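S.K.: Mind looking over this structure? Questions follow.
The values are calculated or read from the model by the stated rules, or taken from the named source; none is laboratory data. Everything numeric in this text was worked out from a predicted model, so none of it was measured. All Cβ positions, glycine included, derive from the backbone under ideal geometry; neighbour counts span all protein chains shown. When the accessible area is computed, the model is the full protein with side chains, heavy atoms only, and any ligands, DNA or RNA have been set aside. Shrake-Rupley method; radii C 1.70, N 1.55, O 1.52, S 1.80 Å.
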Amino acid sequence: FYGCLTNYELNSICLKAYKYRGDIILRFIILLEGRLDTVLYRCGLVTSMFEARQLINHGNFLINNVLVKKRSYVLQVKDILSIDTSKITLFKNKLLLRLQQDGLLF
């Protein structure tokens, strides 16, 4: 699932998890699942991690009204994730099409 991580990124996450007190494995999972690309995939805004990576690189997402182009950005508890206003129709159409294909929308 996390196949698009480079060795450098994985090593960095391991080192960050090791620095925190408490359960290292739990912190490692929190750092992996809190990444922007993972959150987008888990929320269903994208169909794959690679699509999330591309959309982030193209500057489609804002966190706390600041454009973020790093897929490795780890979201914090009170962060607000939003879609760039010029791209909302694109996401709306893709989401409606996906719901229709899955049989959830008639």
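S.K.: What is the sum of charges around LEU45, taking Lys and Arg as +1, Asp and Glu as -1, for the other residues whose C-beta is under 12 Å from the C-beta of LEU45?
M.R.: +3
S.K.: Related question: For the chain, what is the Kirkwood hydrodynamic radius in Å, using each pair of distinct C-alpha atoms?
M.R.: 15.0
S.K.: Here's another thing I want to ask about it. Given contacts defined as C-alpha pairs under 8 Å and at least six residues apart, what's the relative contact order of the stretch 1-77, whole-number percent?
M.R.: 25
S.K.: Would you mind counting up the charge near THR6? Only other residues with Cβ under 14 Å from its Cβ, with Lys and Arg at +1 and Asp and Glu at -1.
M.R.: Once all neighbours under 14 Å are counted, the net charge is +2.
S.K.: At 15 angstrom or more along the helix axis (alpha-carbon based) and mean Kyte-Doolittle of -0.5 or higher, what helices does the chain contain? Whole DSSP H runs only.
M.R.: 7-19, 88-101
S.K.: In addition: Give the accessible surface of the chain per residue, rounded to a whole number of Å², with probe radius 1.4 Å and ligands, DNA and RNA excluded.
M.R.: Per-residue value: 70 Å².
S.K.: Within the set of other residues whose C-beta is less than 13 Å from the C-beta of LEU31, count the net charge using Lys and Arg as +1 and Asp and Glu as -1.
M.R.: 0
S.K.: Which order, highest average first, do 18-29, 45-56 follow once you tally other Cβ atoms within 10 Å for each residue and take the mean per peptide?
M.R.: The densest-packed peptide leads the list: 45-56, 18-29.
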